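Notes follow the structure.
The values are calculated or read from the model by the stated rules, or taken from the named source; none is laboratory data. All of these numbers come straight from a predicted model, not from anything done at the bench. Note: ideal-geometry Cβ built from the backbone for every residue, glycine included; neighbour counts use all protein chains shown. Accessible surface areas use protein heavy atoms only, side chains included; no ligands, DNA or RNA. Shrake-Rupley method; radii C 1.70, N 1.55, O 1.52, S 1.80 Å.
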Amino acid sequence: EPEVTQTPSHQVTQMGQEVILRCVPISNHLYFYWYRQILGQKVEFLVSFYNNEISEKSEIFDDQFSVERPDGSNFTLKIRSTKLEDSAMYFCASSQQGAATEAFFGQGTRLTVV
Amino acid sequence: QKEVEQDPGPLSVPEGAIVSLNCTYSNSAFQYFMWYRQYSRKGPELLMYTYSSGNKEDGRFTAQVDKSSKYISLFIRDSQPSDSATYLCAMSAGAGNNRKLIWGLGTSLAVNP
């Protein structure tokens, strides 16, 4: 069964450092998303991406965040200068036709900023 | 008022029980209603979705949407220990193809053998 793959599963970084979270979406999917879940809080939408550009982003997705599809298979989330409050589970999702109803989620990357 | 509210539980039931999970919402523009299951340290897995009002059944799972009351439910019949997980409701307004999901907090369910 096709699946969304995220690496690493756990990333520890020092405050102020840059991190890149990587995702390999399902191969025939065209729409890509990043969500995050701070421990004990709701899953929050960060950004959606289609046709090599951002379709929508939340207020959380400020200038410290960027996304990229550097090749035909990877989808990355970069945080330029991490803050303690960036510590969370980050989930990548993809869908074929863009309907949020059919989005498949990866296992998540746990980011810990110390 | 929060957009989506969900009682976090925990909810503990014996094996075989009928489980009822619920969410309320405030945004009348929501049209797509989803239920996800999340096991510990895993990503959310889509269980069911419903468009607008009505019921949808899939095996032991039934999803109900009451738009007049802004209330959605997920029923699990003949619950099994393998159903133990966190159940999250999520909703979207349905504008365009990049509909972002608005999530509930999730309800932690434990089904005891």
> Hey, among the residues in segment B:64-84 that are part of a strand (DSSP E or B) and polar (S, T, N, Q), which one's most open to solvent (accessible area, probe 1.4 Å)?
Replying inline: B:GLN64
>> Cβ-Cβ distance below 8 Å, separation of 6 or more or different chains: which pairs start in segment A:69-91 with a residue that is closer than 21 Å to A:LEU30 by Cβ and outside any strand (DSSP E or B) and end on one that is modelled with pLDDT under 95 and among the polar types (S, T, N, Q)?
In response: A:ARG69/A:ASN52; A:SER73/A:SER27
> Do you know which residues across segment B:16-49 are on the phi < 0 side of the Ramachandran plot, among the small types (Gly, Ala, Ser) and touching a residue at least 60 places away in the same chain (Cβ under 8 Å)?
Replying inline: B:ALA17, B:ALA29
> out of contact with any Asp or Glu (no Cβ under 8 Å at 6 or more places or on another chain) and within 19 Å of A:ASP71 (Cβ to Cβ), is that true of A:LEU39?
Replying inline: no
> Can you tell me which residue in segment A:82-105 is surrounded by the fewest Cβ atoms within 10 Å (Cβ to Cβ), limited to those that are modelled with pLDDT under 95 and small (Gly, Ala, Ser)?
Replying inline: A:ALA99
> Taking segment B:6-53 only, how many residues are within 14 Å of the chain's Cα centre (by Cα), closer than 21 Å to A:GLY106 by Cα and open to solvent by less than 40 Å² (accessible area, probe 1.4 Å)?
Replying inline: 9
>> Being modelled with pLDDT of 90 or more, closer than 30 Å to A:GLU3 by Cβ and of a type in the set (S, T, N, Q) is true for just one of B:GLN6, B:GLN31. Which residue is that?
In response: B:GLN6
> Is one or more of the residues making up segment A:49-62 at pLDDT below 95 and touching a Gly at 6+ places or on another chain (Cβ under 7 Å)?
Replying inline: yes
> Mind checking which residues of segment A:28-58 are basic (Lys, Arg), open to solvent by 50 Å² or more (accessible area, probe 1.4 Å) and more than 7 Å from chain B (Cβ to nearest Cβ)?
Replying inline: A:LYS57
> Which number in (1) assigned to a strand (DSSP E or B); (2) at pLDDT 95 or above marks the one condition that B:GLY16 misses?
Replying inline: (1)
> Could you give every pair whose Cβ atoms fall below 7 Å, whose first residue belongs to segment B:1-15 and is farther than 24 Å from B:LEU101 by Cα, and whose second residue is open to solvent by 80 Å² or more (accessible area, probe 1.4 Å) and part of a loop (DSSP other than H, G, I, E, B), counting only separations of at least 6 or pairs across chains?
Replying inline: B:GLU15/B:PRO113
